[in-house]
1. Please enumerate the residues belonging to the range A:120-158 that are within 30 Å of A:M246 (Cα to Cα), free of Cβ contacts under 8 Å to residues at least 60 places away in the same chain and either within 14 Å of chain D (Cβ to nearest Cβ) or surrounded by fewer than 24 Cβ atoms within 10 Å (Cβ to Cβ) (or both).
2. Kindly indicate whether C:A244 is in contact (Cβ under 8 Å) with a residue 40 or more places away in the chain, assigned to a helix (DSSP H, G or I), among the small types (G, A, S) and crowded, with 24+ Cβ neighbours inside 10 Å.
3. If B:W223 satisfies all but one of (1) within 14 Å of chain A (Cβ to nearest Cβ); (2) open to solvent by 10 Å² or more (accessible area, probe 1.4 Å); (3) in contact (Cβ under 8 Å) with a residue 12 or more places away in the chain, what's the number of the condition it fails?
4. Quick check on my filter: what residues within the range D:102-116 are in contact (Cβ under 8 Å) with a residue 40 or more places away in the chain and outside any helix (DSSP H, G or I)?
5. Looking only at helices (runs of 4 or more DSSP H) that fall completely inside the range D:143-192, which ones have 1 or more residues that are closer than 16 Å to D:H110 by Cα, in the same structural domain as D:E88 (by TED's automatic domain parsing) and not acidic (D, E)?
6. Out of all the residues in the range D:69-85, is one or more over 30 Å from B:A121 (Cβ atoms), more than 8 Å from chain C (Cβ to nearest Cβ) and more than 22 Å from the chain's Cα centre (by Cα)?
7. Please tell me if A:L68 is of a type outside the set (F, W, Y), open to solvent by less than 20 Å² (accessible area, probe 1.4 Å), at pLDDT 95 or above and in contact with a helix residue (DSSP H, G or I) (Cβ under 7 Å, 6 or more places away or on another chain).
8. Look through the range A:168-184, keep the residues that are in contact (Cβ under 8 Å) with a residue 60 or more places away in the chain and within 27 Å of A:R123 (Cβ to Cβ), and return whichever of them is most open to solvent (accessible area, probe 1.4 Å).
4 protein chains.
Amino acid sequence: MYFASDNTSPAHPKVLDALAKANEGYMPSYGADPIMDEVRDRIRDRFEAPEAAVYLVATGSTANALSLATFTDPWTAIFCHRISHVEEDECGAPEFYTGGAKLTLVDGAHGRMDPDALRHAIRFTGRGGVHNVQRGMVTLTNVTEAGTVYTVAQVEEIARTAREFGLPVHMDGARFANAIVATNATPAEMTWRAGVDVLSFGGTKNGLMGVEAVVIFDPDKAWEFELRRKRGGHLFSKHRYLSAQMLAYLEDDLWLQMARDANHAGQLLSDELMYLDGAALVHPADANMAFPSLPRALHRKAKAAGAQYNIWPGDQSLDGPDDEPVSARLVCSWCTTEDDVDAVLSTFKG
Amino acid sequence: MYFASDNTSPAHPKVLDALAKANEGYMPSYGADPIMDEVRDRIRDRFEAPEAAVYLVATGSTANALSLATFTDPWTAIFCHRISHVEEDECGAPEFYTGGAKLTLVDGAHGRMDPDALRHAIRFTGRGGVHNVQRGMVTLTNVTEAGTVYTVAQVEEIARTAREFGLPVHMDGARFANAIVATNATPAEMTWRAGVDVLSFGGTKNGLMGVEAVVIFDPDKAWEFELRRKRGGHLFSKHRYLSAQMLAYLEDDLWLQMARDANHAGQLLSDELMYLDGAALVHPADANMAFPSLPRALHRKAKAAGAQYNIWPGDQSLDGPDDEPVSARLVCSWCTTEDDVDAVLSTFKG
Amino acid sequence: MYFASDNTSPAHPKVLDALAKANEGYMPSYGADPIMDEVRDRIRDRFEAPEAAVYLVATGSTANALSLATFTDPWTAIFCHRISHVEEDECGAPEFYTGGAKLTLVDGAHGRMDPDALRHAIRFTGRGGVHNVQRGMVTLTNVTEAGTVYTVAQVEEIARTAREFGLPVHMDGARFANAIVATNATPAEMTWRAGVDVLSFGGTKNGLMGVEAVVIFDPDKAWEFELRRKRGGHLFSKHRYLSAQMLAYLEDDLWLQMARDANHAGQLLSDELMYLDGAALVHPADANMAFPSLPRALHRKAKAAGAQYNIWPGDQSLDGPDDEPVSARLVCSWCTTEDDVDAVLSTFKG
Amino acid sequence: MYFASDNTSPAHPKVLDALAKANEGYMPSYGADPIMDEVRDRIRDRFEAPEAAVYLVATGSTANALSLATFTDPWTAIFCHRISHVEEDECGAPEFYTGGAKLTLVDGAHGRMDPDALRHAIRFTGRGGVHNVQRGMVTLTNVTEAGTVYTVAQVEEIARTAREFGLPVHMDGARFANAIVATNATPAEMTWRAGVDVLSFGGTKNGLMGVEAVVIFDPDKAWEFELRRKRGGHLFSKHRYLSAQMLAYLEDDLWLQMARDANHAGQLLSDELMYLDGAALVHPADANMAFPSLPRALHRKAKAAGAQYNIWPGDQSLDGPDDEPVSARLVCSWCTTEDDVDAVLSTFKG
């Protein structure tokens, strides 16, 4: 009954197989391995972006921070949602990698930036000339931290707003696969065709051990990205083991199949949670995450029965009146079964 | 015939087995996995350092840069050998992580800092009060970039020199296992007993896929290290896969066995190279690397026959008179066999 | 009719005299001038803080940024008011000097942080352990950017809130003199006795050419501050000219006299503005600044007649209906006379 | 008898007059003062560079650090002389402002980089692709820290070497006036015509209170420089007082007249020192500084008699055998008279 995060789940067996296969004989290091050549070709192909620069790193924070640093100056503002991962969960990695850029927080329901709020935030920034930080770039997260998904049209609207001011756009796609499955969009539609300049294409949360691709649709930025990656300590010498994971991910669209299974479990879970007395959804469950509000007593029962998930936001307490609503986050992953969902549901029923 | 670097070699099969074993079910993320608890215990035990803080990262540059940043201030000088990895091969990662510390280069034969040169460099630094960068820390590399090994006594002398000025000491042990095998020292003798405060304990070059431990003998620095690691993007969510590699490394002293094999191949190779006409050793071959000087014609033959190794230093050319000496670096790894050594030797004979 | 900012006004004649007096013969450089010794003594005396470290820099942004950097780590949050100078007017100097700390914005009426909002912001920060930026420090501005003044009791409440979490407190006192005059507090009451650890003690806006003192009540931080000042390029070789300005400022409490005159003009101006048809004060005029809301037509008249002041906030326009209220900022300085006030008032009357 | 540094001397009386004149009435702040317009015009005119961007800052370290940061990336090497001010006397300001660039030290007699040594250092840098810091820029100092002067031809040779690799060139001209006087070159010949891209044009050491101009011959870099200046806290609100000093400096070529007087005193001093028993010049005295080597006993006499100057380099001691040579640095300034020179000379004679 592990619903704490998709990063508590194991890797898909095919990933292990790919590592074993890659582990034969000598191979050039630092990204010059032939497996990486294939990864690059496949990602370009899958994104219909034959010129895109493609790099692998091992963590999502790294993919985000390097992407932001490559597209901004230290004296700029990066516009992001108030509850975005870059703002809340990376211990300031974006500030570190950019050399001190400012994260300017934009509101919007259910984890999605409101385009008008974004426009206002950008407008308000840098009007004072040299006295202010300048307008830098926009980053949005899809799937959002609230478990919702931006449609292609919504991404386009955010990107259009950024373009009004000449700003580039980054997408934090730690759960990109889940967003693609949820929208039925193609990777190209969801990214460069919608106006995204650089994508953190997540794998770790969706069945890999630890690999994220960065897809840069403007190849002029490639060399700077490579230098920043190396300087950050993120260029792997035995790079083949990153490549092999990512190749397995792409093979036969394993990435989409895993996301489909995770989303299916997420939908099932959120649907079933609504049958509990006093239940409500805090956010629409567009992908693999459910954010139910439940009477406190139910959480106490579930926790006592060993259910693993987080009270969300974290400033709520399990101490207090039984009936008071307390909200939570439950995350499904590629390996969450219908039985797992039933099991966790039963803990709330006591 | 791959002698370009020990990072072109595969991982040991036991490492793959360990990954497969770790890949079962759900597990807490971000270093809270139970495998890490075991790794920590074993490293503390092996180093006879029950209070040491132990962390895992995926690259050697990261281990070094985080270690240096944790023990210095941005306005200090880090004293290192002129040909050290931190100076030459990390694209400025130490400067990035420290916030702009200065690497002050110290000379010394065969990649080892000369204690008198070190003392002079430290003395010369920071005499002008606030006008100068201050004295920060000392970092030495064992095995050195010249393939030589500091004995315990030599490490002690460097550390004693640092202590004269109150400076902490870091050891870049990307090839620590090879140094231990070469000296027959215990890990404790080679590190904290000799005056080392923090160690980059390498695994990647010696049979792992990509894991280095950082062993901090002063646990007061632990929390700052953790924050710097996270902020640098180096805290793995599915941390179990780092832990599993390191546990396999430590199990039955696999790390020492692999280093023993690599060193044996290195010795054999350097011994045999000396039988070639016109051969000389540029540096003593203390561990798994050979630095022969050979008539240029021999290099041309070897390269033509497919031998993989680097001309070293890189500013020499294969174009020129046949007889002129040209130096090179050949690196053996845990899986280099005697047959491999024979094979590469035969390419020089043509 | 210059009411755009107190930094458009000249220096007091006594400051010029002091410079001329200081300009005789040779004098030790870099802060070792005997005038600085006297400045240090006088500031310690005036603040009843015999151990305080005292430094001079030339700009307010520098005083703030160095103060914040000396008391925080790069991976922390600095809590400040949403419209504070450090957030809005320094092009990211705090982020630059701290190495990428995050400015967390706190609301509160009229430019003063609300203690509950501050407590909530601090509580919300760093709960997630290593994943979040940590709690760093609190900075408040007195006089605020809204022209209001924190009373000593209000400063104490902010500082007490910071202390609940063990955080140090900085006061941006670019207009400290005006706050002292407005409250009749002693410098000690307004700072260290109220819980302030470090003060930017402004001079430039109040009759100097360009000098701010930094008063650090915890002398343990002194050496780090000195290194940061030097490394930032802010240690003057011919330091005597900073010292001389500051000495003139302190002599016979010229600083308080100038602030008294500026505050008097500010009060008079805001009082008189209220007699205009349709006028309202956006913020209480506690010191030397008035923030009136006036019918747009009046602004157009005043601007046409040559009045110099800023529409505030800056996203309002002079184009639009005559009667619509538009707000503005008018700043008085040490040399603003009652005639000046009358003159600007008459421009609104047309 | 102050020969410790040219920054222990006062400002020229005309500078004080200019300040007094500038201190009348209100004036736009932050560099929008009309005096700055005149300064800009005059510098462009004097340098025959009508497009040059011209900025004022208050310290030489700032002028250098901002110049270097504007023309390099954090992952590059800045090539400078081993004893340059940026390396030895700025507490790492270049590293701080550039975000961690590496200062690569180049040798050369008497404080001037040897072009071949420079070429070798550049060649040796960045050959390893992404693994190394990249080639950044070249900075040379004129007058050098050894008191010697690069001729125009020598500057051209350094710049040509930089150009072979496409690198921009900075000149640290803290004593630029003294170099111009020593060579009879025009400012244009000494800078952009010789291949210099950006100049720190010093005033503080040569009779101002604290102003340096930065002259950027490539105006495309202007806006980035302005942002970096502001973010560093170096944009003065009451900028008129910087402008006024610089205008006085340029008026009737006061800067050249002061440098001429300083150089004259320096020549006289170094000539006369040679008459002392056992005297030798460590470096040619091209401008306003003398570096004599003298028997230790003479230094003891001079110090006892109150002569103010520095033993140079600073690792020598006044304790030891009388006859042993000890070297020193004596600096003349715009106000050093022949009598001053006689006075200091007489102290050595005892």
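The values are calculated or read from the model by the stated rules, or taken from the named source; none is laboratory data. Since the structure is predicted, the reported quantities are computational estimates derived from the model, not experimental observations. Cβ placement follows ideal geometry from the backbone for every residue including glycine, while neighbour counts extend to all protein chains displayed. Ligands, DNA and RNA are stripped out before the accessible areas are found, and what is left, the full protein with its side chains, is counted by its heavy atoms. Shrake-Rupley method; radii C 1.70, N 1.55, O 1.52, S 1.80 Å.
1. Taking the range A:120-158 and keeping what is within 30 Å of A:M246 (Cα to Cα), we get A:137-156, A:158.
Still in the list and also free of Cβ contacts under 8 Å to residues at least 60 places away in the same chain: A:142, A:150-156, A:158.
Correct list: A:T151, A:V152, A:A153, A:Q154, A:E156.
2. Values: in contact (Cβ under 8 Å) with a residue 40 or more places away in the chain: yes; assigned to a helix (DSSP H, G or I): yes; among the small types (G, A, S): yes; crowded, with 24+ Cβ neighbours inside 10 Å: yes.
Criteria met by C:A244.
3. (3)
4. Of the range D:102-116, the ones in contact (Cβ under 8 Å) with a residue 40 or more places away in the chain are D:110-113, D:115.
Of everything in the range D:102-116, those that are in contact (Cβ under 8 Å) with a residue 40 or more places away in the chain and outside any helix (DSSP H, G or I) turn out to be D:R112, D:M113.
5. The qualifying helices (runs of 4 or more DSSP H) are D:152-164, D:176-183.
6. No, the range D:69-85 contains no residue that is over 30 Å from B:A121 (Cβ atoms), more than 8 Å from chain C (Cβ to nearest Cβ) and more than 22 Å from the chain's Cα centre (by Cα).
7. Values: of a type outside the set (F, W, Y): yes; open to solvent by less than 20 Å² (accessible area, probe 1.4 Å): yes; at pLDDT 95 or above: yes; in contact with a helix residue (DSSP H, G or I) (Cβ under 7 Å, 6 or more places away or on another chain): yes.
Taking the combined requirement at face value, the residue satisfies it.
8. Top of the filtered list is A:P168.
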